[in-house]
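Following: one structure in structure tokens, then a few remarks.
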Amino acid sequence: MLAKGQTVIQYMEQLAPKHVAMEDDKIGLQLGSLQKEITGVLTALDVNEQVADEAIARGANLIIAHHAIIYRPLRNLQSDSPMGKVYEKLIKHDIAVYVAHTNLDVTEGGMNDWMAEVLGIESSAPVEDIHTDNLYKLVVFVPKDHHQRVLDAVLNAGAGAIGNYSHCSFNIEGYGTFVPGEGTEPYIGKEGRMEKAEEIRIETVVPQSIRSKVIQAMLKSHPYEEVAYDLYPMDLKGRTFGLGRVGKLQESVTLEQFVQRVKEKLDVPAVRVVGDLSRQIKKAAVIGGSGGGYWRAAMFKGADVLVTGDIDYHTAQDAEMAGLTLIDPGHNAEKIMKSRVADWLREKLQESRYDTKVFPSEVHTEPFTFL
């Protein structure tokens, strides 16, 4: 059995929820349709003509990419232009393209965690916070004989997470009163007569990102025609998602030694370095893509070095004068996402016994040649 496009993307958005993306980021479905069975998924950093040909050759009709194929507004769609040829080829072969960019960068277990992991950065925290999942208090009143059913539905939908604890709730027994109106079909009682029912008040916390999912699960499992519940904002904040990662290394190394680690683990032939190669590195920061603008935030968090791509000349000068060392492995170092996303989706699809195949792209999309 093949997975539907929407099913594949539901799994993808478990890894990289859209709501944590940076404002105005170009993410989501950019080309084609998800209303079809997916024979194969190709995970790619970029989408060019060679990647499109690879998808065709492998029988993949969905590409999940990190970088957008439509970044700026299109003025036309001419098939004889370089990108127009790519769009035409994808459309003719019914290949959809879905983009997960900064949402994949900042999510827990995503791009920046993968990069921090391979570089040996431990107990890492975001370099800069960009999104906090606000918390709501959910209160619902449930007849005693349906208490466990509703409680399980709400908690299994994701409510009740407090720090490293899950399924947290508070439950109080009491009595509810109501008069069923004309034309009602009450679960308990009769039309027009005051009823007194043994009920349990369930209280739990709900992150804003899954508020609708939790409410739907609650309503579906509740026996009442009209469910009595409250949902109100809390001053407490939920999980924070941030750009980059910063943390200590297991043991101090020289900048030169750390440079060799970056080249090996991120699979790049060369890097640009700012700083004294003999300097001892105890704490490191990494930001996938172009993170030069966050060097002050990395330094504020105590980093001795920042690993990120596309560092410009003046940024390098400013960081050097401030005492922060820099390693620029290029933007293409983010290609680590190809195999990691493929592994994630393959596991999820296999758990549900789908026959949809998942392939990491083998096309080299680095535009620079190092001599």
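Quick note: the coordinates plus some simple rules give every number you see, no bench work behind them. These numbers were taken from a predicted model, which means no experiment stands behind them. Here the Cβ positions follow ideal geometry from the backbone for every residue, glycine too, while neighbour counts run over all protein chains shown.
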With a 21 Å threshold on alpha-carbon distance, the violating pairs from 213/335; 144/220; 265/301; 137/213; 18/348; 137/237 are 213/335; 265/301
Highest mean first, how do 222-235, 200-213 rank when packing is the count of other Cβ atoms within 10 Å averaged over residues? 200-213, 222-235
Kindly write out, for region 37-45 in residue order, the coupling ³J(HN,Hα) from the Karplus curve 6.51 cos²θ - 1.76 cosθ + 1.60 (θ = phi - 60°), rounded to whole Hz, with x marking Gly and Pro. 6, 9, 6, x, 10, 10, 9, 9, 6
Let me see the pair-distance distribution of region 150-211: every alpha carbon pair, 5 Å bin width, integer percents in order. 4, 16, 19, 15, 12, 14, 12, 6, 2, 1
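Once fully extended, how much extra length lies between residue 81 and residue 320, figured as 0.36 nm per residue of separation less the alpha-carbon to alpha-carbon distance? All intermediate terms of the calculation are to be shown ahead of the outcome.
On the way: separation 239, 0.36 × 239 = 86.04 nm, distance 4.18 nm.
Taking residue 81 through residue 320 to full extension adds about 81.9 nm, to one decimal.
For region 73-115, state which trypsin sites (Lys or Arg not before Pro) are in a DSSP loop and have at most 10 other beta carbons lying within 10 Å of their beta carbon. All intermediate terms of the calculation are to be shown ahead of the outcome.
Details: sites: 75, 85, 89, 92; in loops: 75.
Loop-located and lightly packed - 75.
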Check which residues have an amide H placed less than 5 Å from residue 228's amide H, if you skip close sequence neighbours. 141
In Å, descending, principal axis extents of the Cα set of region 131-241: 51, 23, 22
